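What follows draws every value from the coordinates through simple rules; no lab data is involved. Since the structure is predicted, the reported quantities are computational estimates derived from the model, not experimental observations. Because the Cβ atoms are built from the backbone with ideal geometry, glycine has one as well, and the counts that use them run over all protein chains shown.
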Amino acid sequence: MRTLFLVIAFLFIAHSSLTAQMSESGTLGVGVAWTSLNFGVSGKYNFTENHTGQLIIGSANYGFSFADDSSFSLTGRYAYNFDEGDLDFATWKPYLYGQLGYWTYRYDLGPLGGEFSENAIAIGAGGGIEWSFNNFVDGLAFSFELGYTNIAFDGLNSIGGFNGGGGIHYYFDL
């Protein structure tokens, strides 16, 4: 996580003509993304003004509190972006997304002994809004979203439901 903060700090310090707006075609956004079910480092690429791909690599957030628990998530998203709006102080862009992910977790059963691990495929859909402040930091955008995620475990009940989330991305031209 420290490396992520160093990369983001470097991007702010190296702020130059490489910055791009959040909806421009051919731009890459690097940052962090979070929902109530997973979180991690995120990369977004705008194929066009309306079509965006996103990859989130991080950790699944199942709420286990055992000392030796660990989890991993790899989630791919497609987002359809609607036209940007502009207020006096901010630019905003609504979007809809669909996602597919591979999530795994492992945790120690503690005094019971042994270890429990499980892999799952997660699917989801939702919508959100991404916005940036005008005259603040060019290329920096924030997002908030609501969605539904379902995670299907082998031999166990599925979990999921409605969730909320957000993210921070810094956009630049490749």
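Structure values in brief
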{"quantity": "Table column - 3J(HN,Hα) (Hz), the range 161-174, Karplus curve with 6.51, -1.76, 1.60, x for Gly and Pro", "calculated": "x, 6, 8, x, x, x, x, 9, 9, 10, 9, 8, 6, 7"}
{"quantity": "Paramagnetic reach from Glu24 in the range 108-149 [backbone N under 13 Å; point 7 Å along Cα→Cβ]", "calculated": "138-140"}
{"quantity": "Listed peptides 165-172, 109-116 by packing density, highest first (mean Cβ within 10 Å)", "calculated": "165-172, 109-116"}
